[in-house]
1. Measure off, as a whole percent, the carbon and sulfur share of the 1.4 Å-probe accessible area of the chain, all protein chains present.
2. Of the labelled options (i) 13, 47, 35, 5, 0; (ii) 11, 33, 27, 21, 7, 1; (iii) 12, 35, 28, 15, 8, 1, which one gives P(r) over Cα pairs in 10 Å bins from 0, in percent as computed for this structure?
3. Looking at the square roots a ≥ b ≥ c of the eigenvalues of the Cα gyration tensor of the range 50-117, which shape do they give, rounded for a/c under 1.5, prolate if a/b is larger than b/c, or oblate?
4. In the range 15-123, which chymotrypsin sites (Phe, Trp or Tyr not before Pro) are in a loop and have at most 16 other Cβ atoms within 10 Å, using DSSP for the loop call?
5. Roughly speaking, what is the stretch gain from GLU53 to SER97, that is 0.36 nm per residue apart minus the C-alpha to C-alpha distance, in nm to one decimal?
6. Roughly how many nanometres apart are two label points built 7 Å out from the Cα toward the Cβ at VAL63 and ASP28?
7. Just the accessible area per residue of the chain, please: how many Å² with a 1.4 Å probe?
Amino acid sequence: MTATPLLRDWFEIMDSTTPERVLDMITDDFRLSILFSTGDQAAEFEGDRAGLEVYLAQREVSVLTHHILGGARVDGTELVLGETRRDGAFEASFNASAQLTDDGARVRRLLICRSPKVRFTDR
């Protein structure tokens, strides 16, 4: 079991052919911000459930895979460092922070930052 079971499950679902299942993992008062950099340009996706739906609609389904390099759970918040890969090749590093409900079952707040400019692995 990882130290970040909810985020582990979140990214496994995001990598699947049905990423919209993450909508079942959020609270009614959910808020997010995803800062997505390609290196040349950046976009921010933010908001509530509708903002997450916009983000999901523009994604390439099952193209990128998320690989968690490390993480921790601190006082109801899961934090991970990872990288995305396309066809097994490094594409970008990411950090994700998720504030969870008291029972740890759903996400209240989600902040994700992604950039290809910094890499934490040597491969």
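1. 49
2. (i)
3. oblate
4. Counting only loop positions with at most 16 other Cβ atoms within 10 Å, the chymotrypsin sites (Phe, Trp or Tyr not before Pro) in the range 15-123 are PHE120.
5. My answer for the length gained is 14.0 nm.
6. 3.7
7. I get 56 Å² per residue for the chain.
The values are calculated or read from the model by the stated rules, or taken from the named source; none is laboratory data. These figures come from a predicted structure and were not determined experimentally. Here the Cβ is made from the backbone with ideal geometry for all residues, glycine too, and neighbour counts use every protein chain on show. Ligands, DNA and RNA are excluded from the accessible area calculation, which covers all protein heavy atoms including side chains. Shrake-Rupley method; radii C 1.70, N 1.55, O 1.52, S 1.80 Å.
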